[in-house]
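Asker: What follows is a single structure, and I will ask about it in a moment.
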Amino acid sequence: MTLQAAIFDLDGVIVDTAKYHYIAWKELANSLGFDFSETDNERLKGVSRLTSLDILLEIGNISLPEDQKLELASQKNDRYVSYIEKMTPDEILPGVLEFLSELRAAGIKTAIGSASKNAPLILERLHLTPLFDALIDGNLVSKAKPDPEVFLKGAEALNIAPVNCVVFEDAAAGVEAAHNGGMPCIGIGQPQNLSNARWVIPGFQHFGLSDLQQLLNNRAKAR
Ligand code: B16
Ligand code: MG
């Protein structure tokens, strides 16, 4: 491959919005009469809003008709939006700004590939919108990760062949989505949660373009 573009998942890679999702889902669970733990919340990472609700209702052993589920998903989102509206740029994860700037200075294109329908608002609150050449979010995709649609659309929007894009993802389903799209993927987080990732880094602190190129070159040599 020739590295020409980097596609970033948003939640868990650029910013930790999982904590706000957690509070909003927990409030909803409590209003329905059951509790929702942080361990349960791990199951929702990278998963769409409606699938997240299905998982939550399964934990509470509650079954509801579709219209009531849509109403609950909307209530949860209103709560979630009330938290993310207050976000500030100091919530950008360590090293992200430096890494994005380094990529862009080297002529490498950047995109967001996120399941979140709130991605535009989050990027705006973090003042990050101008640092991405393309934004593919939950409003633009119909197939959830591990389907590669979100990343393939990102590559298409950047006009770069998928094989020349690298993906950064914090969820196992997202790593699988990148692989399904024929793109190398760097996992962000703990190796035990991302066993399908070839490489896992804790984050972008002390991680630069030369580190990325070294990882990808070693892969090429191993082939
Ligand atoms: P929303 P990502 C995902 O974002 C989150 O990880 C996941 O927890 C959330 O349910 C999903 O977005 C949908 O978010 O309710 O804001 O549309 O990790 O793909 O950037
Ligand atoms: Mg994520």
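The values are calculated or read from the model by the stated rules, or taken from the named source; none is laboratory data. Only a predicted model underlies this, so the values are computations on that prediction, with no experimental measurement involved. Ideal geometry is used to build each Cβ from the backbone, glycine not excepted, and the neighbour counts take in all protein chains shown. Heavy atoms of the whole protein, side chains included, go into the accessibility calculation; ligands, DNA and RNA do not. Shrake-Rupley method; radii C 1.70, N 1.55, O 1.52, S 1.80 Å.
Asker: In the list ARG104, ARG79, which residue meets the criterion of being open to solvent by 50 Å² or more (accessible area, probe 1.4 Å), assigned to a helix (DSSP H, G or I) and not assigned by TED's automatic domain parsing to the domain that holds LEU131?
Answerer: It is ARG79.
Asker: Give me the pairs: first residue in region 113-130 and basic (Lys, Arg), second residue assigned to a helix (DSSP H, G or I) and within 14 Å of ligand 2 (Cβ to nearest atom), beta-carbon distance under 9 Å, and six or more apart or on different chains, which are they?
Answerer: LYS117/ARG49
Asker: Continuing with the same structure: Would you check which residues across region 171-184 are out of contact with any helix residue (DSSP H, G or I) (no Cβ under 8 Å at 6 or more places or on another chain) and within 12 Å of ligand 1 (Cβ to nearest atom) and list them? Explain how you work it out, then say what you get.
Answerer: Here is the first cut: in region 171-184, the ones out of contact with any helix residue (DSSP H, G or I) (no Cβ under 8 Å at 6 or more places or on another chain) are 171, 173-176, 179-180.
If the condition is that a residue be out of contact with any helix residue (DSSP H, G or I) (no Cβ under 8 Å at 6 or more places or on another chain) and within 12 Å of ligand 1 (Cβ to nearest atom), then ALA171, ALA173, GLY174, VAL175 are the ones that fit.
Asker: If ASP40 satisfies every condition in (1) open to solvent by 60 Å² or more (accessible area, probe 1.4 Å); (2) at pLDDT below 95; (3) more than 16 Å from ligand 2 (Cβ to nearest atom) but one, which is the exception?
Answerer: Of the numbered conditions (1) open to solvent by 60 Å² or more (accessible area, probe 1.4 Å); (2) at pLDDT below 95; (3) more than 16 Å from ligand 2 (Cβ to nearest atom), the odd one out for ASP40 is (1).
Asker: Hey, another quick one. Criterion first (part of a helix (DSSP H, G or I), more than 9 Å from ligand 1 (Cβ to nearest atom) and open to solvent by less than 30 Å² (accessible area, probe 1.4 Å)) does ALA6 satisfy it? It would help to see each step written out before you state the result.
Answerer: Details: part of a helix (DSSP H, G or I): no; more than 9 Å from ligand 1 (Cβ to nearest atom): yes; open to solvent by less than 30 Å² (accessible area, probe 1.4 Å): yes.
For ALA6, the condition - part of a helix (DSSP H, G or I), more than 9 Å from ligand 1 (Cβ to nearest atom) and open to solvent by less than 30 Å² (accessible area, probe 1.4 Å) - is not met.
Asker: Assuming ALA6 fulfils every condition listed in (1) within 16 Å of ligand 2 (Cβ to nearest atom); (2) touching a Phe, Trp or Tyr at 6+ places or on another chain (Cβ under 8 Å); (3) without any contact (Cβ under 8 Å) to a residue 24 or more places away in the chain; (4) not hydroxyl-bearing (Ser, Thr, Tyr) apart from one, which condition is it?
Answerer: Evaluating ALA6 over (1) within 16 Å of ligand 2 (Cβ to nearest atom); (2) touching a Phe, Trp or Tyr at 6+ places or on another chain (Cβ under 8 Å); (3) without any contact (Cβ under 8 Å) to a residue 24 or more places away in the chain; (4) not hydroxyl-bearing (Ser, Thr, Tyr) leaves (3) as the failure.
Asker: Would region 131-147 turn up any residue that is under 21 Å from LEU100 (Cβ atoms), more than 12 Å from ligand 1 (Cβ to nearest atom) and assigned to a helix (DSSP H, G or I)?
Answerer: yes
Asker: Turning to a different aspect of this structure: Being buried (at least 24 other Cβ atoms within 10 Å of the Cβ) and among the basic types (Lys, Arg) is the filter here; which residues of region 142-199 pass it?
Answerer: Residue satisfying the conditions is LYS145 alone.
Asker: Here's something else I'd like to know. Filter region 153-167 down to residues that are in contact with a Gly (Cβ under 8 Å, 6 or more places away or on another chain) and either assigned to a strand (DSSP E or B) or within 15 Å of ligand 1 (Cβ to nearest atom) (or both), then give me how many there are.
Answerer: Kept after step one, since they are in contact with a Gly (Cβ under 8 Å, 6 or more places away or on another chain), are these residues of region 153-167: 153-155, 162-163, 165, 167.
Subsequent filtering for residues that are either assigned to a strand (DSSP E or B) or within 15 Å of ligand 1 (Cβ to nearest atom) (or both) retains 153-154, 165, 167.
Qualifying residue count, region 153-167: 4.
Asker: Look at region 72-87 and say how many of its residues are within 22 Å of ILE188 (Cα to Cα) and over 16 Å from the mean Cα position of the chain (by Cα).
Answerer: Keep residues of region 72-87 that are within 22 Å of ILE188 (Cα to Cα), which gives 84, 87.
So of that shortlist, the ones also over 16 Å from the mean Cα position of the chain (by Cα) come out as 87.
Adding up the residues that qualify gives 1.
Asker: On to the next question. Can you pull out every residue in region 18-32 that is open to solvent by 70 Å² or more (accessible area, probe 1.4 Å) and either more than 15 Å from ligand 1 (Cβ to nearest atom) or part of a loop (DSSP other than H, G, I, E, B) (or both)? Before you say what the answer is, go through the steps one by one.
Answerer: First, pick out the residues of region 18-32 that are open to solvent by 70 Å² or more (accessible area, probe 1.4 Å): 19, 30-31.
Result: ASN30, SER31.
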